[in-house]
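A short write-up of the structure that comes next.
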Amino acid sequence: MKRALFYLWNLWPPFLGAGIAIDAISVDLKFARIRLKRRPWTRNIVGTQFGGSIYAMTDPIYMTMLMVQLGRDYIVWDKAASIRFRKPGRSDLFAEFSINDADVADIKQRLTTEAKLDWQRTVLVKDRAGELIAEIEKVIHVRRKQ
């Protein structure tokens, strides 16, 4: 059921309108690959992929994956992000996200002694040829519910 919700995101207006789609997702929701399709409406004034769409393809993914992995006893929020463009995107773009059991165990263990934490990950956005287009630093705020 939860996996189906990820695929329903493909119909969510901010993704659908921006040409963003979930390209692949694991059954356990610990891996996802997101694609930004190159379409006339996803290009900027110089004909390359719009920077806002490049960021948008990464926006809620880690937050949602962590919410699923940690369960209802935790509050998870996107807190901050920064993007560094490396080169223009001239084709479909892809970003991969992964969480492993050690990540989840580390967060849960740290929150036994800390009130909250900021979990950081770098998302690499690449083109069809595997060239690096952008690096996005994501900061996800996590704390236990009271």
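At a glance:
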| read-out | value |
| --- | --- |
| Share, in percent, of DSSP beta bridges within the chain that are antiparallel, nearest 5 | 100 percent |
| Surface accessible to a 1.4 Å probe, Lys145 within the full protein complex, Å² | 110 Å² |
| Normalised alpha carbon radius of gyration of the chain [divisor 2.2 N^0.38 Å] | 1.08 |
| Length-normalised contact order of the chain in % [C-alpha pairs under 8 Å, at least 6 apart] | 24 percent |
| Order by protection proxy (mean Cβ within 10 Å, highest first), peptides 111-119, 82-90 | 82-90, 111-119 |
| Positive-end residue, the range 1-70 charge dipole about Cα centroid, Cβ charges, pick of Ala4, Thr48, Val68 | Thr48 |
| Centre separation in Å (Cα based) which lies between the range 69-146 and the range 29-54 | 18 Å |
| The range 1-84: Rg to Rh, with Rh as the Kirkwood radius over Cα pairs | 1.00 |
| Exposure rank, largest accessible area first [Asp59, Asp103; 1.4 Å] | Asp59, Asp103 |
| Helix 61-70 axis, angle to the chain major axis (alpha carbon atoms, nearest 10°) | 20 degrees |
| Nearest-ten-degree value, helix 101-110 long axis tilted from longest Cα axis of the chain | 50 degrees |
| Fully extended contour minus Cα-Cα distance, from Trp77 to Gln109, at 0.36 nm per residue | 9.7 nm |
| 3J(HN,Hα) from dihedral phi, the range 39-46, Karplus parametrisation 6.51/-1.76/1.60, rounded to Hz, x for glycine, proline | 9, x, 8, 9, 9, 8, 5, 9 |
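The values are calculated or read from the model by the stated rules, or taken from the named source; none is laboratory data. Predicted model only: the values in this text are computed from it and were never measured. A quick note on method: Cβ atoms are made from the backbone with ideal geometry, for glycine too, and the neighbour counts reach across all protein chains shown. We work out accessible area using only protein heavy atoms, side chains counted, and drop any ligands, DNA or RNA first. Shrake-Rupley method; radii C 1.70, N 1.55, O 1.52, S 1.80 Å.
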